[in-house]
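Encoded as structure tokens, the structure appears first; notes follow it.
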There are 2 protein chains.
Amino acid sequence: MEVQIAVSKIRKYATSNSGDTVEVVERPQGGVSVVMADGQSSGRGAKYISVMVVRKVISLLADGVRDGAAARAASDNLYAERSGKVSATLNIVSSDLHTRTLLITRNNPAPAYLARGEQVSLLDEPSGPIGLYRDTRPVITEIDLEPGLTVVVFTDVLVHAGSRTGESMHIQEAIQDLLECEEPSAQYLADSLLENAMRLDQQRPVDDITVVVMRVVSHTGDEVRRMSVRLPVTT
Amino acid sequence: MEVQIAVSKIRKYATSNSGDTVEVVERPQGGVSVVMADGQSSGRGAKYISVMVVRKVISLLADGVRDGAAARAASDNLYAERSGKVSATLNIVSSDLHTRTLLITRNNPAPAYLARGEQVSLLDEPSGPIGLYRDTRPVITEIDLEPGLTVVVFTDVLVHAGSRTGESMHIQEAIQDLLECEEPSAQYLADSLLENAMRLDQQRPVDDITVVVMRVVSHTGDEVRRMSVRLPVTT
């Protein structure tokens, strides 16, 4: 089996800072987690908040704290620091090799998508952002880790992509269509969904867009772990 | 311009834990750093140490601390925690978009490799691991960030790869040969160097092997940032 994670990310058109933060961390008992946060408002303030939230969660996960507890701690922390005046969305997607499960933790009104094979379902149980209230709890979905699973999460904007043009993006259909290709890689899925959203925004994203994909595939390759980052730099 | 980072990593043959830890972090003023540590001894103890060192460094870099100061702090911290009895090697490779420089920070007797175009040079100024003495300082190389740069660092074992078979690996030549291909990606370089080492070890690595490559290329693509992780899971 192989777990693939892909993140594709673009800044709001004509801004220098993205308010979204995504980091990947190795789990101490085996496996990997990807943590994504989007701070309220935009620019430097939003970035500061999203970095704070992601670092808190990453640090707790690295200490062996479970995903749900880490999300609650990040919420309490943001609430205490900003007196409930600032919110952030938070998603954690984990492959836990100790429990042999895949975990999707949402504190985000935007839904997540879970596919088994080519059947995509919507994880849209009501879920609010963190930081606004005491005792904010995430919505957690936990399923057995097995080949054929795909999870897609994104910052809220993908839902609104195309709002300027009046078109709407049918995310679930888009994921389904992509999965019907032969074994698309996680990176191909993330890139395609991001491209889709950017096309609807006429290549000038109205907000930062981040897409995170985790796929579990039957492993056919070697035993090498790989990580790859590509960072465009404006000259 | 585009900054590419690739990490390829394999465990020692017939062990379940790698003692090496590598993480990537976004720099608060722009850019990205990759932090690699290898704890003394092997198995769980080594992993605990390398995770501790990497997390300390990552956390300081995320706070805006400079690379050299972060390495010194990690050394002091390990020295204080383990009374100078445990060492770890540490490498930090950063693309700093604020200073527009590429930084290579070494606390590792193993050399690093720096190529400008296809000309590979050895960064082998004497450098010791962290944790054994007070005031351990890293060796830092800082150069202007520009297309055509390639940095390769690895845990010490790549130097010894093939020791079992009596062959030795000519790393500098191997990098040079690879760079003479047309614009190899960072991932291709990392994979090829790891494969090379594994072949010399007859596919049964005598220790964990981690290869980190950072490349700066003339950017021709889009403005999307990408991160991709592939984690093989034994079933």
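The values are calculated or read from the model by the stated rules, or taken from the named source; none is laboratory data. Keep in mind it's a predicted model, so treat the numbers as computed, not measured. In this analysis, Cβ positions are derived from the backbone assuming ideal geometry, glycine residues included, and neighbour counts consider all displayed protein chains. Each accessible area value is taken on the protein alone, full model and side chains, heavy atoms only, with ligands, DNA and RNA left out. Shrake-Rupley method; radii C 1.70, N 1.55, O 1.52, S 1.80 Å.
Checking the stated criteria, residue A:6 turns out not to satisfy the condition of being more than 14 Å from every other protein chain (Cβ to nearest Cβ), crowded, with 19+ Cβ neighbours inside 10 Å and touching a residue at least 12 places away in the same chain (Cβ under 8 Å). Being touching a strand residue (DSSP E or B) at 6+ places or on another chain (Cβ under 9 Å) and surrounded by fewer than 21 Cβ atoms within 10 Å (Cβ to Cβ) is the filter here; which residues of region A:37-46 pass it? Answer for region A:37-46, where residues must be touching a strand residue (DSSP E or B) at 6+ places or on another chain (Cβ under 9 Å) and surrounded by fewer than 21 Cβ atoms within 10 Å (Cβ to Cβ): A:40, A:45.
Among the residues of region A:99-109, is any more than 16 Å from the chain's Cα centre (by Cα) and open to solvent by less than 20 Å² (accessible area, probe 1.4 Å)? Scanning region A:99-109, I find at least one residue that is more than 16 Å from the chain's Cα centre (by Cα) and open to solvent by less than 20 Å² (accessible area, probe 1.4 Å), so the answer is yes.
Summed over region B:180-194, residues that are over 16 Å from the mean Cα position of the chain (by Cα) and either modelled with pLDDT of 95 or more or open to solvent by 20 Å² or more (accessible area, probe 1.4 Å) (or both) total 5. Within region B:63-90, the set of residues being open to solvent by 20 Å² or more (accessible area, probe 1.4 Å), among the hydrophobic types (A, V, I, L, M, F, W, C) and in contact (Cβ under 8 Å) with a residue 24 or more places away in the chain comprises just one member, B:86. Among the conditions (1) in a helix (DSSP H, G or I); (2) open to solvent by 10 Å² or more (accessible area, probe 1.4 Å), the only one that residue B:127 does not satisfy is (1).
The conditions of being open to solvent by less than 40 Å² (accessible area, probe 1.4 Å), at pLDDT below 85 and more than 8 Å from every other protein chain (Cβ to nearest Cβ) are met by residue B:198.
Taken together, B:34, B:24, B:57, B:93 contain a single residue that is open to solvent by less than 60 Å² (accessible area, probe 1.4 Å) and either away from chain A (no Cβ under 12 Å) or part of a helix (DSSP H, G or I) (or both), which is B:57. Here residue A:99 fulfils each of the conditions (1) touching a helix residue (DSSP H, G or I) at 6+ places or on another chain (Cβ under 9 Å); (2) not in a strand (DSSP E or B) apart from (1).
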